[in-house]
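Colleague: Starting off with a structure, shown below.
The values are calculated or read from the model by the stated rules, or taken from the named source; none is laboratory data. The structure displayed is predicted, hence computed values, not measured ones. All Cβ positions, even for glycine, are placed from backbone atoms using ideal geometry, and neighbour counts span all protein chains on display.
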Amino acid sequence: MFQCHVCGSKQARQDFITQIFLLDDKPVIVHDIPAEICVRCGESVFDISTMEKIRRMVHGEAVPVKSVVTEVFEFAQSSQRNPANLRESAVQNL
Ligand SMILES: [Zn+2]
């Protein structure tokens, strides 16, 4: 049964989401991932078999439908950053 790991809500809806993953520091975009979306906070979750399928796809089992050039911005200059304060990125490594 669904329980949101962010807000604890037990209500979810099924939908398809787009998510960015990091593959050896290179961002890859996966569209139309079936997921459960928390109705309260919008957190999305997909199951382990979906995660495994995504991993296999981006590691060469599937051919990308297209490539895009991505612009990268740095909010803080590296001299201002304290590595101890860095929080984990929202982007998942694969
Ligand atoms: Zn939630």
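Colleague: Cβ-Cβ below 7 Å, separation at least six or inter-chain, first residue in region 1-25 and more than 20 Å from residue 94 (Cα to Cα), second of a type in the set (Phe, Trp, Tyr): which pairs?
Modeller: Short answer, once both residue conditions are applied: 10/2; 12/2.
Colleague: With the requirement that a residue be among the small types (Gly, Ala, Ser), more than 16 Å from the ligand (Cβ to nearest atom) and farther than 16 Å from residue 94 by Cβ, what does region 28-67 give you?
Modeller: Step one: list which residues in region 28-67 are among the small types (Gly, Ala, Ser), which gives 35, 42, 44, 49, 60, 62, 67.
If we keep only those that are more than 16 Å from the ligand (Cβ to nearest atom) too, we end up with 49, 60, 62, 67.
Correct list: 67 only.
Colleague: Can I ask one more? Could you run through region 27-44 and say how many residues are more than 13 Å from the chain's Cα centre (by Cα) and surrounded by fewer than 16 Cβ atoms within 10 Å (Cβ to Cβ)?
Modeller: Residues that pass the stated criteria total 4.
Colleague: When region 1-27 is examined, which residues are found to be away from the ligand (no atom under 16 Å from the Cβ) and either basic (Lys, Arg) or assigned to a strand (DSSP E or B) (or both)?
Modeller: Let us first name the residues in region 1-27 that are away from the ligand (no atom under 16 Å from the Cβ), namely 16, 18-27.
Those that are away from the ligand (no atom under 16 Å from the Cβ) and either basic (Lys, Arg) or assigned to a strand (DSSP E or B) (or both): 16, 18, 19, 20, 21, 22, 23, 26, 27.
Colleague: Applying the selection to region 45-68, what residues are within 14 Å of the chain's Cα centre (by Cα) and either among the acidic types (Asp, Glu) or within 13 Å of residue 20 (Cα to Cα) (or both)?
Modeller: Of everything in region 45-68, those that are within 14 Å of the chain's Cα centre (by Cα) and either among the acidic types (Asp, Glu) or within 13 Å of residue 20 (Cα to Cα) (or both) turn out to be 47, 51, 52, 54, 55, 58.
Colleague: Okay, next question. Going through 45, 39, 30 one at a time, which residue ends up being among the aliphatic types (A, V, I, L, M) and modelled with pLDDT under 95?
Modeller: Numbers: 39 fails: modelled with pLDDT under 95; 30 fails: modelled with pLDDT under 95.
After ruling out the rest, the residue left standing is 45.
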